[in-house]
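Chemist: Below: one structure in structure tokens.
Nothing in this text is a laboratory measurement; each read-out follows from the coordinates by a stated rule. Just so it is clear, the model here is predicted, and its values are computed rather than measured. So basically every Cβ, Gly included, is an ideal-geometry build from the backbone, and we count neighbours across all protein chains shown.
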Amino acid sequence: MNKLAGYVRLLRPLHWSKNIFVFAALIFASQKYLFDVKKIAESFEAFICFSLISSFAYVINDIHDIDFDRQHPKKKDRPLAAGVISIRSAWVVAGILLVLGFVSGFSVNVLLGLVAVAYLVLNILYSWYLKDHVIVDVMCIAIGFVLRALAGVVAIEVPLSPWLMVCTFTLCLFVGFGKRRCEIAVTNNNYVLAVDRRPVLVKYTLEALTHLLTISAALAITTFLLYTMDPQTASKFGTNYLIYSSPLVIYGVFRFAVLIQTGKFGGPMELFAADRPFQVTIALWIIMVAIIVHQGPKISALFHRLNGLY
């Protein structure tokens, strides 16, 4: 690995895909915003802000965990753990990322900058303390995604939807417990080895993680179903057809739950990047939701006319 490739890997650009949650507000806020150039630009600025801040958090985490990473079967190849990049250079990169991240955030508006600060504080607390506390560690991951969604809301200055926050939290809680279960499965279900790689796993058991996955999956699906059936949702989009996207949501949640326990993937992001059926499911759901949300009244009127013909 040369130094340039090492710096790129240090930033973990693959994980920037997590920041697509900032676009949730653009899709679900109002039909008019999806084609508003100014709102789209502001959403992209929020995406850039959180990508830079999240890369800063990854660099800081790698600095803090360098000794643990050197003992990990996969993380030992990370640039810092492998010695490709020095700790001093990593601190310089982290400083640049932090400055650029806050500049991009506060340049949109003060609220986006403050949400970015909250996200940064959460990541630092997580990396240095909270990740060693059972359940709290996964809740921190979920709250991080909620802050991403909130960033999208404040960036385009639309009313905050409690449903957006709740659905994001429950879904990401499920993904977070899946990540913990995956960390055990990736070591061929060698629980002792897994605990050596991430100390907090000593406070989890395989049975407990299976139950937590089941419960959080049910919460995520139920929350989404309640959102689609809320009369205010139908009133907002001009149709209640959003519920017809639920089979894709259920399939995606179930497929994730199955694959994350196979040991074939190092984490959720690897699964998202490698599993084609999962990618197709997400793409179909996004397309379906975008059509329903932004063409709801027209779709509803069309079906009413068709029903009148029979």
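Chemist: At a Förster distance of 35 Å, what's the computed FRET efficiency of residue 37 paired with residue 274, Cβ-Cβ distance as r, to 0.05?
Modeler: For R0 = 35 Å, the calculated efficiency reads 0.55.
Chemist: Moving on to the next point. So what J values fall out for the range 110-125 if you push phi through Karplus, 6.51 cos²θ - 1.76 cosθ + 1.60 with θ = phi - 60°, rounded to Hz, Gly and Pro as x?
Modeler: 5, 4, 5, x, 5, 5, 4, 5, 4, 5, 5, 4, 4, 5, 5, 4
Chemist: Rg/Rh for the range 76-190 to two decimals, with Rh computed the Kirkwood way over all alpha-carbon pairs.
Modeler: Rg divided by Rh gives 1.04.
Chemist: May I ask you to order 240-247, 148-155 by the average number of other C-beta atoms within 10 Å around their residues, highest value first?
Modeler: By packing density, highest mean first, the sequence is 148-155, 240-247.
Chemist: Determine the distance separating the Cα centre of the range 209-272 from the Cα centre of the range 113-158; give it in Å without decimals.
Modeler: 21
Chemist: Does anything in the range 83-125 have its amide N under 16 Å from the 7 Å Cα→Cβ label point of residue 139, and if so which residues?
Modeler: Those under the cut-off are 122-123, 125.
Chemist: For the range 1-142, treating each Cα as an identical point scatterer without solvent, what Debye log10 I(q)/I(0) comes out at q = 0.17, 0.18 1/Å?
Modeler: Each listed q corresponds, in turn, to -0.99, -1.07.
Chemist: All other residues with a Cβ under 12 Å from the Cβ of residue 153 taken together, and with Lys, Arg as +1 and Asp, Glu as -1, what is their net charge?
Modeler: Net local charge, residue 153 excluded: 0.
Chemist: On to the next question. With a sphere of radius 12 Å drawn around the Cβ of residue 261, what net charge do the other residues whose Cβ falls strictly inside it have (Lys, Arg +1; Asp, Glu -1)? Working shown, then result.
Modeler: Working: positive: 179, 180, 181, 255, 264; negative: 183.
Its environment carries a net charge of +4.
Chemist: At 7 Å along Cα-to-Cβ for each site, give me the label-to-label distance between residue 295 and residue 71 in nm.
Modeler: Between residue 295 and residue 71, the label points sit 5.6 nm apart.
Chemist: Once Rh is set to the Kirkwood radius over Cα pairs, what Stokes-Einstein translational diffusion coefficient, in µm²/s, holds for the range 161-296 at a temperature of 25 °C and a viscosity of 0.890 mPa s?
Modeler: Translational D for this selection: 153 µm²/s.
Chemist: I've got another one for you. For the range 245-255, take each phi angle, set θ = phi - 60°, evaluate the Karplus expression 6.51 cos²θ - 1.76 cosθ + 1.60, and give the result in whole Hz per residue in order, putting x for glycine and proline.
Modeler: 8, 5, x, 5, 5, 5, 4, x, 5, 5, 5
Chemist: I would also like to ask the following. If R₀ is 25 angstrom, what is the calculated FRET efficiency for the pair residue 203 and residue 63, using the beta carbon separation as r and rounding to 0.05?
Modeler: Efficiency at R0 = 25 Å is approximately 0.55.
Chemist: Return one number: the angle in degrees, 0 to 90 and rounded to the nearest 10, between the long axis of the Cα atoms of helix 136-156 and the longest principal axis of the Cα atoms of the chain.
Modeler: 50
Chemist: In deg cm²/dmol, rounded to 500, what helix-only [θ] at 222 nm does the chain give when every DSSP H run of at least 4 residues adds -39500 (n - 2.57) and the total is split over its residues? Don't jump to the answer; show the numbers that get you there.
Modeler: Details: 14 runs with 223 residues, N = 310.
Result for the chain, helices only: -24000 deg cm²/dmol.
Chemist: Then there's this: Pull up the cross-link candidates among the lysines for residue 179, meaning alpha carbon to alpha carbon under 28 Å and not fewer than 8 places away within one chain.
Modeler: 18, 74, 75, 76, 131, 203, 264
Chemist: While we're here: Computed over the Cα atoms of the chain, what is the convex hull's projected area averaged over all directions, in nm²? Walk me through the numbers before you get to the answer.
Modeler: Numbers: hull surface 67.3 nm².
In nm², the orientation-averaged hull projection of the chain is 16.8.
Chemist: Could you run the Karplus curve 6.51 cos²θ - 1.76 cosθ + 1.60 with θ = phi - 60° over the range 59-69 and give me ³J(HN,Hα) per residue in whole Hz, x for Gly and Pro?
Modeler: So the Karplus estimates, Gly and Pro as x, are 5, 4, 5, 5, 5, 5, 9, 4, 5, 5, 4 Hz.
Chemist: Shifting gears a bit: Please identify the chymotrypsin sites (Phe, Trp or Tyr not before Pro) of the range 1-108 that satisfy two criteria: DSSP loop assignment and at most 13 other Cβ atoms within 10 Å. Which are they? List each step's numbers first, then the result.
Modeler: On the way: sites: 7, 16, 21, 23, 28, 33, 35, 44, 47, 50, 56, 58, 68, 91, 102, 106; in loops: none.
Qualifying residues, ordered by number: none.
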